[in-house]
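Enquirer: Starting off with a structure, shown below.
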Amino acid sequence: VSQADHFFWTLAERTTGMSPSVIRETLKLSQREGIVSFAGGLPSPKTFPIDALREACIAVFRESGHAALQYDASEGFGPLRELVAAALPWRVQPEQVIITSGSQQALDLIAKVLLDPGAEIVVERPTYLGALQTFTLFQPAVLSVGGGVDGVDVDELRQKGSGARFIYALPSFQNPTGRTMNEAGRTALCNVAADIGLPVIEDDPYGDLWFETPPPSPLAARNPDGCIYVGSFSKILAPGLRLGFLVAPKALQAKLLQAKQAADLHTPGFNQRLVSRLMADGFFSTHIPSIRSLYKVQRDAMLGALEKEMQGLDVHWSRPGGGMFVWMRLPTNLTAEALLPLAVSEGVAFVPGAPFYSELADHRTLRLSYVTPTPQEIALGVTALARAIRATVVTNSQ
Ligand SMILES: Cc1ncc(COP(=O)(O)O)c(C=O)c1O
């Protein structure tokens with residue numbers, strides 16, 4: 001209870017689980033001048049197609065300005081739902097698609113419809129921090145399952161998933177680790193989920209951003225009745241448009257739609273019409289490959305610099321085949337939290353890994369985003385990071 005003047009504000013019980021985002025705090029640090037930041041989770045602004053969007057804006061105003069500025073359907077703009085359904089690699093009816101205000105809202109609607117206080121859910125260890133923040137508001141008991149490149153630990157999943165409301169999984173170029181579940185791992189996850197009747201929430205904002213080979217097909221393609229698939233235009237177009245979507249089995253449509261209505265009535269119709277135009281014109285068939293090429297150069301710069309600078313240090317890192325992140329593990333006795341101030345004083349920032357764990361946090365982990373700094377800045381940043389790690393190794397051994 002907090003007191004302001006003569007009013008008493010009684011906070012809802014659910015707010016006790018809310019905490020300031022560590023990432024936002026770190027971002028503040030990294031915005032200081034002269035710091036190379038690997039901390040942000042933001043897409044590169046170089047990929048934002050300003051000219052194509054300007055032209056699409058003019059066309060939307062000219063052709064359907066009044067409709068675009070009017071209240072719209074809660075489920076989304078019909079042609080966009082059709083285009084999204086048609087673009088997915090398994091059979092999806094347009095009626096199964098709800099257009100959301102970013103995929104973050106899709107996660108919120110799913111949590112609203114499926115969670116009660118104390119209900120169990122399963123997440124990967126580690127997982128996307130923003131999903132943990134959303135789910136926490138609905139006060140579930142969050143269980144976690146470990147795993148590696150091949151998927152989640154199926155024995156742990158079988159044990160923890162029985163009776164849970166769902167497993168939340170990011171099979172492709174995961175935020176924060178960059179890892180992708182292989183074919184066998186996806187099949188195993190879906191088999192266990194089907195076996196124990198565990199619904200799957202699949203979050204897939206990075207699946208299109210592959211560098212060498214596309215990831216295996218989505219979990220939802222294997223198990224459409226037991227899965228809600230969540231997609232986003234943030235990483236393949238622009239996050240500022242706040243456009244995402246979910247694809248849900250028909251049995252859940254009505255409740256999800258009512259939750260969407262209650263949340264914000266509908267996603268901005270103007271933005272939906274912009275994206276519909278771009279999709280219908282085939283814009284993404286050239287735009288997405290251009291993002292892949294850019295991010296591949298960035299990823300190569302990051303991996304090359306790490307190979308060169310981390311020599312002789314007991315440091316390990318992931319080699320992502322797509323997406324935006326490298327995940328690093330520091331030497332014994334060095335936590336990412338302890339390293340961060342030293343790294344910032346050397347001129348580089350990153351996000352410590354611990355907040356991405358719902359439990360059993362590994363404090364030696366950290367996340368490096370490679371998409372925004374230039375290759376030259378990446379080289380400087382990694383050199384600074386290696387200097388900071390070496391300084392602690394020397395101190396520890398003294
Ligand atoms: C895994 C994951 N899911 C969801 C989101 C939310 O994205 P948006 O709401 O912009 O679609 C992000 C953003 O970084 C993310 O990394």
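Enquirer: Suppose we keep just the DSSP beta bridges with both residues in the chain; what percent of those would be antiparallel, to 5?
Expert: Here the share of antiparallel DSSP bridges comes out near 60 percent.
Enquirer: Farthest toward the dipole's positive end in region 158-281, which of Ala254, Pro216, Ser172, given Cβ charges of +1 (Lys, Arg) and -1 (Asp, Glu) about the Cα centre?
Expert: Ala254
Enquirer: Could I ask something else about it? With no solvent and one point per C-alpha, what does the Debye sum give as log10 I(q)/I(0) for region 297-350 at q = 0.24, 0.25, 0.27 Å⁻¹?
Expert: -1.15, -1.21, -1.28
Enquirer: Which chymotrypsin sites (Phe, Trp or Tyr not before Pro) does region 153-189 hold that lie in a coil by DSSP with at most 14 other beta carbons within 10 Å?
Expert: On the way: sites: Phe166, Tyr168, Phe173; in loops: Phe166, Phe173.
Nothing satisfies the criteria.
Enquirer: Choose one of Met18, Gly312, Val200: the residue whose Cα lies farthest towards the positive end of the charge dipole of the chain (beta-carbon charges +1 Lys, Arg; -1 Asp, Glu; about the Cα centre).
Expert: Most positive-ward Cα: Gly312.
Enquirer: Using the crude model of +1 on Lys and Arg Cβ and -1 on Asp and Glu Cβ, and no other charge, please compute the dipole size for region 1-138 relative to its Cα centre, in debye to 20.
Expert: 380
Enquirer: Region 129-230: which trypsin sites (Lys or Arg not before Pro) are DSSP loop and have at most 15 other beta-carbon atoms within 10 angstrom?
Expert: Here no loop site has a sparse enough neighbourhood.
Enquirer: Which lysines does Lys308 reach when only Cα atoms under 19 Å apart count, and residues fewer than 8 places away in its own chain are ignored?
Expert: Partners within reach: Lys296.
Enquirer: Next question, about the same structure. After finding the eigenvalues of the alpha carbon gyration tensor for the chain, what semi-axes result from the square roots of 5 times each, listed largest first in whole Å?
Expert: 34, 26, 23
Enquirer: Here is a follow-up. Nearest 5 is fine: what % of DSSP beta bridges in region 158-284 come out antiparallel, could you say?
Expert: Of all bridge pairs located within region 158-284, approximately 35 percent are antiparallel.
Enquirer: Order by neighbour count: Cys227, Cys57, Cys190, fewest other Cβ atoms within 10 Å first, most last.
Expert: Cys57, Cys190, Cys227
Enquirer: Right, here's the next one. Order the peptides 325-333, 124-132 from the highest to the lowest mean number of other Cβ atoms within 10 Å of their residues. Intermediate results must be reported in sequence, preceding the final value.
Expert: Values: 325-333: 18.7, 124-132: 22.7.
The densest-packed peptide leads the list: 124-132, 325-333.
Enquirer: Hey, what's the Cα Rg ratio for region 1-121 versus the globular rule of thumb, 2.2 N^0.38 Å?
Expert: Ratio of Rg to 2.2 N^0.38 Å for region 1-121: 1.56.
Enquirer: Rounded to the nearest Å, what's the spacing between the alpha carbon centres of region 97-141 and region 330-398? Just the number, please.
Expert: 29
Enquirer: Sorted by mean Cβ packing within 10 Å, highest first, what order do the peptides 381-390, 7-16 take? Can you show the working numbers first?
Expert: Details: 381-390: 21.6, 7-16: 8.9.
Order by mean packing, descending: 381-390, 7-16.
Enquirer: What residue among Gln93, Thr374, Phe138 has its Cα farthest toward the positive end of the dipole of the chain, where the charges are +1 on Lys, Arg and -1 on Asp, Glu, each on the Cβ?
Expert: Sorting the options by dipole projection puts first Thr374.
Enquirer: Still on this model: Based on Cβ point charges of +1 for Lys and Arg and -1 for Asp and Glu, what charge dipole magnitude is obtained for region 196-285 about its Cα centre, in debye rounded to the nearest 20?
Expert: Around 360 debye, computed over region 196-285.
Enquirer: To the nearest 20 debye, what is the magnitude of the charge dipole of the chain about its Cα centre, counting +1 on the Cβ of each Lys and Arg and -1 on the Cβ of each Asp and Glu?
Expert: With Lys and Arg at +1 and Asp and Glu at -1, about 440 debye.
Values in this text are rule-based calculations from the coordinates and carry no lab data. Fair warning: this is a prediction, and the values are worked out from it, not measured in the lab. Ideal geometry is used to build each Cβ from the backbone, glycine not excepted, and the neighbour counts take in all protein chains shown.
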